[in-house]
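Engineer: Sharing a structure with you now.
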């Protein structure tokens with residue numbers, strides 16, 4: 001038992017509160033359950049299931065569609081007086097709530113890029129679910145070990161043509177400043193595409209197909225981002241944007257690959273939100289702070305769970321044909337990219353400085369969402385009270401590879 005407080009290092013929190021993470025998961029489940037059931041998948045695999053959009057996808061499928069589900073993630077359990085990662089506690093909570101409703105949920109903790117993790121996941125699916133009708137690919141990793149060579153490649157957050165300077169913010173300290181981002185070389189761009197592009201998504205689909213685990217009409221979804229011109233140099237036109245372009249191109253290839261099963265690969269362009277991944281990208285936290293202010297004022301703000309529930313209910317599993325843009329992408333960033341929203345953000349971006357920061361930026365909202373990612377800031381939880389940090393994820397403690 002120990003008292004757990006937030007410890008911030010750079011753009012991450014190095015501690016996580018188990019009861020707070022459980023509460024965060026509970027609130028997302030309650031949101032899904034208070035809305036209409038999703039007439040959707042029955043057996044689901046989420047790759048990157050422990051945080052952010054992947055966690056929201058897992059929750060929406062399990063508690064919105066009552067789907068049996070397997071989640072893959074790479075998280076750290078508690079050791080000594082060091083807490084587990086937030087993702088670990090999130091998964092433990094999802095499993096506990098799913099058990100209360102007699103829904104089968106299994107977890108695989110390991111490097112999703114690795115062949116042995118793919119093999120283990122396929123075996124669990126074969127033993128317990130049969131065929132999968134939805135695969136969500138939602139990885140955000142800084143590095144990848146290539147399966148054939150064992151070479152480790154690292155992604156970079158850089159521009160692709162020239163040096164770029166713009167406003168940025170330390171959203172926890174509230175310090176506004178300027179950041180200069182250097183251009184990547186060809187090797188760095190290629191490495192970023194290897195890590196964050198669509199290659200591994202395709203390998204997952206091939207592995208599932210090899211084990212005959214894909215149901216007729218199977219759908220697979222990966223997540224992308226476009227954003228406004230303000231963030232183009234560091235995001236859409238930067239190294240991460242090149243990776244997202246590759247991811248989107250891979251969707252077409254996977255759809256062709258899935259044609260024997262009548263399957264389809266989809267890319268959903270999601271809204272900018274506070275996640276562990278987005279907090280690391282220069283310029284983006286300031287944009288998100290301005291975006292929050294504008295969208296909340298217009299009462300059109302959504303978090304991860306609202307976005308993914310809407311994706312499933314109104315697009316992927318709607319009775320109507322799936323609406324996509326000219327590049328065949330679902331756009332659930334539609335509210336963010338509304339002209340009136342972007343016009344106000346552009347004005348705010350040009351005007352904001354340290355003195356008027358709180359007039360334009362929802363810094364408190366950003367900070368609240370950031371701390372909640374790690375289980376902090378929930379009003380009814382006593383953070384001065386000792387808690388048990390050694391939480392078990394039941395399916396990891398039990399052997400699921402034995403045939404049932």
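The values are calculated or read from the model by the stated rules, or taken from the named source; none is laboratory data. Computed from a prediction, not measured in an experiment: that's the story for all the values here. We place every Cβ from the backbone using ideal geometry, glycine too, and count neighbours over all the protein chains shown.
Engineer: Output the number of the condition that residue 116 fails; it satisfies all remaining conditions of (1) touching a residue at least 12 places away in the same chain (Cβ under 8 Å); (2) part of a helix (DSSP H, G or I); (3) farther than 22 Å from residue 215 by Cα.
Structural biologist: Every listed condition holds for residue 116 apart from (1).
Engineer: Say whether the condition of being crowded, with 18+ Cβ neighbours inside 10 Å, farther than 30 Å from residue 116 by Cα and touching a helix residue (DSSP H, G or I) at 6+ places or on another chain (Cβ under 7 Å) is met by at least one residue in the stretch 181-192.
Structural biologist: Yes.
Engineer: Would you check if residue 220 is modelled with pLDDT under 95, under 21 Å from residue 72 (Cβ atoms) and not in a helix (DSSP H, G or I)?
Structural biologist: no
Engineer: Something else now. Which of the residues that make up the stretch 298-354 are over 25 Å from the mean Cα position of the chain (by Cα) and part of a helix (DSSP H, G or I)?
Structural biologist: Listed by number, the residues that qualify are 339, 340, 343, 344, 346, 347, 348, 349, 350, 351.
Engineer: Related question: Being crowded, with 22+ Cβ neighbours inside 10 Å, in contact with a strand residue (DSSP E or B) (Cβ under 6 Å, 6 or more places away or on another chain) and closer than 24 Å to residue 159 by Cβ is the filter here, so list the residues in the stretch 248-270 that pass it.
Structural biologist: Across the stretch 248-270, the qualifying residues are 267, 269, 270.
Engineer: Now a separate question. If residue 86 meets every condition in (1) modelled with pLDDT of 95 or more; (2) surrounded by fewer than 24 Cβ atoms within 10 Å (Cβ to Cβ) apart from one, which number is that one?
Structural biologist: The one condition residue 86 does not meet is (2).
Engineer: Taking the stretch 40-57, which residues are more than 14 Å from the chain's Cα centre (by Cα) and either in a loop (DSSP other than H, G, I, E, B) or surrounded by fewer than 24 Cβ atoms within 10 Å (Cβ to Cβ) (or both)?
Structural biologist: The answer is 40, 41, 42, 43.
Engineer: So, in the stretch 279-297, exactly how many residues are under 14 Å from the mean Cα position of the chain (by Cα) and surrounded by 19 or more Cβ atoms within 10 Å (Cβ to Cβ)?
Structural biologist: 1
Engineer: May I ask you to list the residues in the stretch 336-378 that are loosely packed, with under 14 Cβ neighbours inside 10 Å and in contact with a helix residue (DSSP H, G or I) (Cβ under 7 Å, 6 or more places away or on another chain)?
Structural biologist: Hit for the stretch 336-378 is 351, nothing else.
Engineer: Here's a follow-up. Could you please let me know if residue 273 is closer than 26 Å to residue 157 by Cβ and assigned to a loop (DSSP other than H, G, I, E, B)? Steps first, please.
Structural biologist: Details: closer than 26 Å to residue 157 by Cβ: yes; assigned to a loop (DSSP other than H, G, I, E, B): yes.
Considered against the rule, which asks whether it is closer than 26 Å to residue 157 by Cβ and assigned to a loop (DSSP other than H, G, I, E, B), residue 273 comes out as yes.
Engineer: Something else about it: In the set 71, 54, 48, which member is within 16 Å of residue 304 (Cα to Cα), modelled with pLDDT of 95 or more and touching a helix residue (DSSP H, G or I) at 6+ places or on another chain (Cβ under 8 Å)?
Structural biologist: Among 71, 54, 48, only 48 is within 16 Å of residue 304 (Cα to Cα), modelled with pLDDT of 95 or more and touching a helix residue (DSSP H, G or I) at 6+ places or on another chain (Cβ under 8 Å).
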